[in-house]
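The next block holds one structure in the form of structure tokens; read it before the comments.
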Amino acid sequence: MHPATVSALVLALASTVLTQVAYLRQHDAAAALPVLSMRRPVHSLQLLLHDRSWMLGFALEGVGFLLYAAALSLGPLALVQSVLAGGIGVLAFLTERMGRRRLGRRERSGALVAVFGLLLLSVSLIGGSSEGKPGSTAQILLWLGSSGAVAVLVFVFGRRLIGQALACAIAGGLAFSVGDIATKVATQGGWRLAFVVPLVVGYALGTALLQIGYQAGAALTVAGIATLLTNALPIAAGTVVLDEPVPSGAYGVLRVAAFVAVVAGAILLASPAKAPGPTATTPDPS
């Protein structure tokens, strides 16, 4: 394996660990704050910025992003995202250890199925993990615009249908995917540095949505679903709009199986069963 690819994998692994620690800290901090709302952005932002625990989580997330950007400058989007997508397993571990919250059977199963899918995805990348092409600007913009539009629709209309936590998780994951794809395009340099604009908008919107979701649901559910979407969509975008190679034969079958497993894991995480014991009867304060 090329040294640059090895460096990209190491940087991506460090990024996902820091990011998942940050998500857990932000969840605990946001859940303890007064109600956050998109209708009062300045007030909500002030609440977050004055909370030291949340700011620490935000700082960790920032460092994780810098490591992620460095990884993208060295390796293909699909390969880097496959490593970051494994963060759902890290988050499940941290939820039990740091969050002192026992996972329910459905949550644990969802995390395991998702991690299994990501393991298959990593194996499939052996058959096609080289850099693709710069991609068509029109196709990239269409992908980013469509993802952003769906995120807005899910947030506006989805809260009544599927609940605020799940709606914010899906919309936040879509927004973060916009930021991730824009980051990859921006690292190509030249005039494509202009993609810093959707990068900032995507990450800002994704961060805001997750904080609102954290007040309505558990960290593993909200951040877990967001993480799966944040990584699955850029992996698909790497193939569709950046022409990163798709493996043939057995590796291609593994990639399809990987996406099926990731989707199944997301469904399990989206509707966790109540855990046995005290947590089954005590309402979640978040």
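Residues in segment 32-46 that are among the aliphatic types (A, V, I, L, M) and either more than 23 Å from Phe65 (Cα to Cα) or at pLDDT below 85 (or both) were compared, and the one that is farthest from the chain's Cα centre (by Cα) is Val42. The selection criterion, being closer than 23 Å to Val63 by Cβ, of a type outside the set (Lys, Arg) and surrounded by fewer than 17 Cβ atoms within 10 Å (Cβ to Cβ), holds for Leu193.
Table: residues versus (1) surrounded by fewer than 23 Cβ atoms within 10 Å (Cβ to Cβ); (2) among the aromatic types (Phe, Trp, Tyr); (3) at pLDDT 70 or above; (4) assigned to a helix (DSSP H, G or I).
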site: Trp54; (1), (2), (3), (4): no, yes, yes, yes
site: Leu67; (1), (2), (3), (4): yes, no, yes, yes
site: Val80; (1), (2), (3), (4): no, no, yes, yes
site: Leu91; (1), (2), (3), (4): no, no, yes, yes
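The values are calculated or read from the model by the stated rules, or taken from the named source; none is laboratory data. Worth saying up front: this structure is predicted, and the values here are computed from it rather than measured. Neighbour counts run over all protein chains shown; Cβ positions are idealised from the backbone, glycine included.
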